Amino acid sequence: MKLDELIEYLKYKDLINFKNVEISGISYNSKTTKQGDIFVCLIGEHTDGHEYAQMAIDSGAVALLVERKVDGVNVPQVQVASTKYQIADIADRFYSSPSKGINLIGITGTNGKTTVTHLIQKILEENNQKCALIGTLGYKLSSKSEYRNAKHTTPQAPELQATLRMIKDIEKIDNVVMEVSSHALEQNRVGGCRFNGAVFTNLTQDHLDYHITMENYFKAKALLFQRLEEGNFAIINIDDEYGERFLNEVPDGVLKLTYGVKNSADVMAKNISFSPNGAEFTLTYKNDEYSVNLHMNGMFSVYNVLAAIASSVAMGIDINIALNALQNVHGVAGRFEVVNKKPLVIVDYAHTPDGLENVLKTAREITPSNGKLICVFGCGGDRDATKRPKMGAIAQQLSDRIIITSDNPRSENPQQIITDIIAGLKSVDPETVTVEPDRREAIGLLKTIASNNDVVIIAGKGHEDYQILKDKTIHFDDREEARKVFAGSVI
């Protein structure tokens with residue numbers, strides 16, 4: 001594509017050294033820039049892409065997208081107000097707006113995004129439609145295919161648009177369900193995407209190290225719904241305290257469907273019960289009722305299923321087809337994933353106060369009267385520190401015994417993170433509270449602490465198969481470690 005075609009609809013401030021060069025790719029990392037790329041000078045928290053412009057040119061960049069003129073270079077420079085936002089515009093243009101030809105559904109919220117995307121994918125496939133998925137675990141072209149890695153919950157704009165184009169043209173898939181993070185919305189990584197539908201799961205404390213306030217967090221999430229157009233659909237959890245506010249963000253002409261358990265909603269669950277085998281409830285939609293038996297457990301699973309069913313209704317899929325798909329789902333990797341039966345050991349991604357509370361309440365429902373509920377958890381470093389004492393308090397209140405350990409400490413001192421967690425405890429009784437900074441050792445303690453009738457929650461990392469330390473990233477998988485500890489037990 002010629003440079004003038006790429007920037008034809010771009011709002012730019014100035015053109016410097018303009019030459020109509022051929023653009024063969026988009027890059028924002030000078031180390032991976034290839035011949036023919038336009039290099040986008042992104043300004044981040046710690047780096048400024050303008051400082052790496054010459055390095056990118058040396059690697060083959062033939063043009064720059066800049067916020068300020070880079071001196072001493074002779075390639076064309078397109079000056080814009082914000083490279084962070086407008087990289088999405090050129091990515092959408094370069095890949096010829098792939099989302100225009102796709103039924104693209106965005107899922108946003110603090111918890112539940114991954115599960116809801118998988119459930120919707122299953123429903124569409126049950127309805128004999130191909131569906132790809134993009135999210136935390138990477139992207140996959142069907143529910144039976146392997147994941148391909150992704151760096152972020154929502155990829156940066158060039159990778160996202162390239163992936164959508166590949167899904168549409170090469171794989172011939174017309175449906176994509178995608179997790180949409182607050183970071184991606186605020187940073188416009190999904191700029192140019194035309195969503196046919198948007199789903200809101202819930203909004204609880206998370207990412208305040210980035211958004212600072214819950215109001216900013218809400219405003220970022222709301223962008224997904226504000227961009228919907230007439231004929232699109234919005235699915236809202238009306239039980240969430242932000243549910244009504246999200247409803248008010250949806251433009252006129254968009255189909256709105258609500259779901260919930262407590263408040264009157266379009267799609268509801270009642271007569272809910274839980275057992276070690278899963279959840280059962282009665283689904284109501286309009287004047288019809290349906291019996292639902294899930295292999296998944298917990299109230300959060302009920303909400304996730306309601307979100308998926310409401311989405312299928314909005315797409316015109318028969319509820320019986322949706323239920324048939326969902327009742328055959330046994331869960332998602334790292335989401336309330338059972339890795340051992342005696343004791344019952346469950347690995348979950350819960351890394352927020354609300355997420356941990358939901359998981360522990362569900363675990364309590366299935367803990368035998370003669371068993372203990374044990375929670376192994378930590379908190380991530382270089383992230384919102386205010387949630388640490390809250391998570392400590394929740395773990396102590398809802399568990400019989402807690403083991404506090406490290407999560408992904410990153411550049412922080414693990415002991416300081418643990419100290420922050422302990423600040424939320426009412427007491428530090430060694431009979432009920434154990435501190436072990438080494439996560440492998442902490443999980444190993446379960447061998448002597450947990451009995452066959454106990455339920456163990458290992459929270460925080462879920463599907464992750466790595467641990468981020470101060471100076472390196474190592475292979476680490478909670479599920480692998482738990483299976484090693486209980487090798488030979490009943491699984």
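The values are calculated or read from the model by the stated rules, or taken from the named source; none is laboratory data. Since we're looking at a predicted model, the values are computed, not measured. Cβ placement follows ideal geometry from the backbone for every residue including glycine, while neighbour counts extend to all protein chains displayed.
Name the single residue, out of those in region 192-218 being at pLDDT 90 or above and of a type outside the set (A, V, I, L, M, F, W, C), that is surrounded by the fewest Cβ atoms within 10 Å (Cβ to Cβ).
For region 192-218, the residue satisfying everything is R194.
Looking at region 138-146, can you tell me whether even one residue there is assigned to a helix (DSSP H, G or I) and under 18 Å from the mean Cα position of the chain (by Cα)?
no
Quick one: in region 170-191, of everything that is over 11 Å from L223 (Cβ atoms) and among the aliphatic types (A, V, I, L, M), which residue is surrounded by the fewest Cβ atoms within 10 Å (Cβ to Cβ)?
I170
In region 52-96, what residues are aliphatic (A, V, I, L, M), within 30 Å of the chain's Cα centre (by Cα) and within 15 Å of G36 (Cβ to Cβ)?
If the condition is that a residue be aliphatic (A, V, I, L, M), within 30 Å of the chain's Cα centre (by Cα) and within 15 Å of G36 (Cβ to Cβ), then L65, I90 are the ones that fit.
If I ask for residues that are of a type in the set (A, V, I, L, M, F, W, C) and over 27 Å from the mean Cα position of the chain (by Cα), which ones from region 394-431 would you list?
The answer is I422, A423, L425, V428.
Can you tell me which residue among T432, T448, T419 is surrounded by fewer than 20 Cβ atoms within 10 Å (Cβ to Cβ) and closer than 20 Å to K342 by Cα?
Unique residue meeting the criteria: T448.
Yes/no per residue for (1) assigned by TED's automatic domain parsing to the domain that holds P276; (2) under 19 Å from D477 (Cβ atoms); (3) crowded, with 24+ Cβ neighbours inside 10 Å:
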residue: Y290; (1), (2), (3): yes, no, no
residue: N293; (1), (2), (3): yes, no, no
residue: V305; (1), (2), (3): yes, no, yes
residue: G316; (1), (2), (3): yes, no, no
residue: N320; (1), (2), (3): yes, no, no
residue: G331; (1), (2), (3): no, yes, no
residue: K342; (1), (2), (3): no, no, no
residue: V345; (1), (2), (3): no, yes, yes
residue: Y349; (1), (2), (3): no, yes, yes
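Name the residues in region 357-396 that are charged (D, E, K, R), touching a helix residue (DSSP H, G or I) at 6+ places or on another chain (Cβ under 8 Å) and part of a helix (DSSP H, G or I), would you?
Listed by number, the residues that qualify are E357, K361, R364, K387, R388, K390.
Would you mind stating whether I403 is within 18 Å of L356 (Cβ to Cβ), of a type outside the set (G, A, S) and buried (at least 18 other Cβ atoms within 10 Å of the Cβ)?
Answer is yes for this residue.
Applying the selection to region 62-73, what residues are of a type in the set (D, E, K, R) and either crowded, with 17+ Cβ neighbours inside 10 Å or at pLDDT below 95 (or both)?
E67
Table: residues versus (1) among the β-branched types (V, I, T); (2) at pLDDT 95 or above.
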{"residue": "N271", "(1), (2)": "no, yes"}
{"residue": "P276", "(1), (2)": "no, no"}
{"residue": "F281", "(1), (2)": "no, yes"}
{"residue": "T284", "(1), (2)": "yes, yes"}
{"residue": "S291", "(1), (2)": "no, yes"}
{"residue": "H295", "(1), (2)": "no, no"}
{"residue": "N304", "(1), (2)": "no, yes"}
{"residue": "A308", "(1), (2)": "no, yes"}
{"residue": "S311", "(1), (2)": "no, yes"}
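Just need a number here: residues in region 363-383 that are touching a Ser or Thr at 6+ places or on another chain (Cβ under 8 Å), of a type outside the set (D, E, K, R) and under 15 Å from D454 (Cα atoms).
6
Looking only at region 1-12, which residues are in a loop (DSSP other than H, G, I, E, B) and either out of contact with any strand residue (DSSP E or B) (no Cβ under 9 Å at 6 or more places or on another chain) or surrounded by fewer than 12 Cβ atoms within 10 Å (Cβ to Cβ) (or both)?
E8, Y9, K11
Of the numbered conditions (1) under 23 Å from the mean Cα position of the chain (by Cα); (2) buried (at least 20 other Cβ atoms within 10 Å of the Cβ); (3) at pLDDT 95 or above, N358 fails exactly one; give the number of that condition.
(3)
So which of G424, G488, G462 ends up being small (G, A, S) and at pLDDT 95 or above?
Of G424, G488, G462, the one residue that is small (G, A, S) and at pLDDT 95 or above is G424.
If you check V292 against the conditions, is it under 19 Å from the mean Cα position of the chain (by Cα) and in a strand (DSSP E or B)?
no
Answer yes or no: is there a residue in region 314-329 that is β-branched (V, I, T) and within 22 Å of A459 (Cα to Cα).
yes
Grab the helices (runs of 4 or more DSSP H) fully contained in region 407-491, keeping just those with 3 or more residues being of a type in the set (K, R).
Qualifying helices (runs of 4 or more DSSP H): 478-485.
Every residue in region 26-61 that is crowded, with 19+ Cβ neighbours inside 10 Å and not in a helix (DSSP H, G or I), please.
Correct list: I26, S27, Y28, T33, D37, I38, F39, V40, C41, L42, A61.
Among the residues of region 365-391, which ones are closer than 21 Å to S411 by Cα, surrounded by fewer than 21 Cβ atoms within 10 Å (Cβ to Cβ), modelled with pLDDT of 95 or more and not small (G, A, S)?
Within region 365-391, just P389 meets the criteria.
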